[in-house]
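Asks: One structure, as structure tokens, below. Some questions next.
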Amino acid sequence: MCLMENVRKTYLIADLEVEVLKGIDLRIEPGEFVAVMGPSGSGKTTLMNILGCLDVATSGRYVLAGTDVSAFSDDELSMMRSEHLGFVFQSFNLLAYATALENVLLPTLYLERRRDGFRERALELLELVGLKDRADFKPARLSGGQQQRVAIARALMNDPELILADEPTGALDSRTASEIMELLSGMHQQGKTLVVITHDRKVAGYAQRIIQIRDGTILNSGEAP
């Protein structure tokens, strides 16, 4: 599903080159549930951005779904995101002026080929996450947990092979966090490949495998306890 070979990422900050990722080698198999853990500044978000085709490596090779995307243009990366990836973020990233249904439909706006049945699929996904009766609600009328459920439905809209979740429970209380993780685990059980970025060991405990990253280097990627 994902293969990184000697991936490095360098940023220019105040005329200084700062290497954030230092030769990452990583393989994520189809259908895996992987947690990436590390302290602030360890490089885990940069790693996720490259996995999600939101950024590109300075050097090295990244293969997603059998395609080497290392030298892809912005438009080509956007197409890969539309066809293969779904995202869930800590801050939900919902449009405040749009309803839950409209937020779930957002990924379809970027598809070159239009398909029938988008609205019906979005309603099915809202039903899956328990929010079909709130399809017409805007985010301000939803709790944090409900907003994250809408975000999960949105991530599933294009039937992605890989779901990337960056601190998906970071803004939630412990009970709601457990509900969200159970929902994401259900997605994995249905065959989705799932990568969760987290600092929470309880969240990481849902994964099959935990990758520890520090100072831009993977320390280990063994089995989850």
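The values are calculated or read from the model by the stated rules, or taken from the named source; none is laboratory data. Everything numeric here is computed off the predicted structure, so don't read it as measured data. Every residue, glycine among them, receives a Cβ derived from its backbone with ideal geometry; neighbour counts consider all protein chains shown.
Asks: Under 6 Å between Cβ atoms, at least 6 apart or on separate chains: pull out the pairs that start in the stretch 204-221 with a residue that is within 23 Å of Lys192 (Cα to Cα) and touching a residue at least 12 places away in the same chain (Cβ under 8 Å) and end on any residue that is in a loop (DSSP other than H, G, I, E, B) and of a type in the set (Val, Ile, Thr).
Replies: Ala204/Thr198
Asks: Considering only the stretch 210-219, I want to know if a residue exists there that is surrounded by fewer than 14 Cβ atoms within 10 Å (Cβ to Cβ), polar (S, T, N, Q) and under 27 Å from Ser42 (Cα atoms).
Replies: No, the conditions are met nowhere in the stretch 210-219.
Asks: Quick one: in the stretch 104-137, of everything that is farther than 12 Å from Val150 by Cα and crowded, with 18+ Cβ neighbours inside 10 Å, which residue is modelled with the lowest pLDDT?
Replies: Pro107
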